[in-house]
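Engineer: Before anything else, here's the structure in question.
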Amino acid sequence: TERTLVLIKPDGVRRQLSGAILARIEAKGYVLAELKKLSAGRELLEQHYAEHEGKPFYEPLLEFMQSGPVVAAIFEGERVIEGFRSLAGVTDPTTAAPGTIRGDFGRDWGLAVQQNLVHGSDSVESAEREIAIWF
Ligand code: GTP
Ligand code: MG
């Protein structure tokens, strides 16, 4: 069965939305396989976000991801990668559809980086790569 890496980013943890976010994923029917809270260091984040190195939002993103603890989880289920990304909504929380995690809980705070509450792997290959980095 398919697995995906879900991160609750520092904004989600800071706003005490971890439980609400995990509950939505479980309520959709996915199975929580692993869960931990940690402070991510720069080296781990450089690996995780390697594909974005050199982009204008890369440094602000790494700063933001180190601004507080994150919750890392592995969820399992048929097509969980696609299913979680659908549940999360599009990257920009301003336009993410109501009913999605980003659409319901997020907005633009006028900051350098999009604070959009969650991360979810975008393919089977990135899920396996990211799970090896975080777990
Ligand atoms: P993740 O699930 O976090 O990977 O989000 P995503 O797949 O929807 O976005 P992507 O992988 O393209 O970018 C990773 C993260 O970088 C996003 O979640 C945002 O926090 C940030 N980001 C992406 N694109 C932009 C952008 O154009 N501007 C800014 N400021 N931040 C961005
Ligand atoms: Mg991504």
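Engineer: Can you list the GluC sites (Glu not before Pro) in region 34-102 that are in a DSSP coil and have 12 or fewer other beta carbons within 10 angstrom?
Structural biologist: Glu53, Glu78
Engineer: Scan region 78-132 for chymotrypsin sites (Phe, Trp or Tyr not before Pro) in coil per DSSP, keeping those whose Cβ has at most 11 other Cβ atoms within 10 Å, and list them by number.
Structural biologist: Qualifying residues, ordered by number: Trp109.
Engineer: Moving to a separate point now. At most 16 other Cβ atoms within 10 Å and a DSSP loop assignment: could you name the trypsin sites (Lys or Arg not before Pro) in region 1-33 that fit?
Structural biologist: On the way: sites: Arg3, Arg14, Arg15, Arg24, Lys28; in loops: Arg15.
Here the sparse-neighbourhood loop sites are Arg15.
Engineer: Could you work out the equivalent-ellipsoid semi-axes for region 3-134, taking the square root of 5 times each eigenvalue of the Cα gyration tensor, largest first, in whole Å? Mind showing how you got there, number by number?
Structural biologist: Details: eigenvalues 82, 64, 39 Å².
Equivalent ellipsoid of region 3-134: 20, 18, 14 Å, largest first.
Engineer: Which value, in nm² and rounded to one decimal, describes the direction-averaged projected area of the C-alpha convex hull of region 53-111?
Structural biologist: 5.3
Engineer: Follow-up question, since we're still on this one. Based on Cβ point charges of +1 for Lys and Arg and -1 for Asp and Glu, what charge dipole magnitude is obtained for the chain about its Cα centre, in debye rounded to the nearest 20?
Structural biologist: My answer is approximately 520 debye.
Engineer: Then there's this: If we count every other residue with Cβ under 12 angstrom of Pro69's Cβ, Lys/Arg +1 and Asp/Glu -1, where does the sum land?
Structural biologist: Once all neighbours under 12 Å are counted, the net charge is +3.
Engineer: Under 10 Å, Cα contacts only: if you run a Gaussian network model on the chain, which one of Gly103, Gly120, Gly54 comes out with the highest mean-square fluctuation?
Structural biologist: Of the options given, Gly54 has the highest mean-square fluctuation.
Engineer: What does the extension gain come out to for Ser123 and Ala50, with contour length at 0.36 nm per residue minus their alpha carbon separation?
Structural biologist: 24.8 nm is the gain from fully extending Ser123 to Ala50.
Here, each number is a calculation from the coordinates, and none is a lab measurement. Computed from a predicted structure; not experimentally measured. Here Cβ is always computed from backbone atoms with ideal geometry, including for glycine, and neighbour counts include all displayed protein chains.
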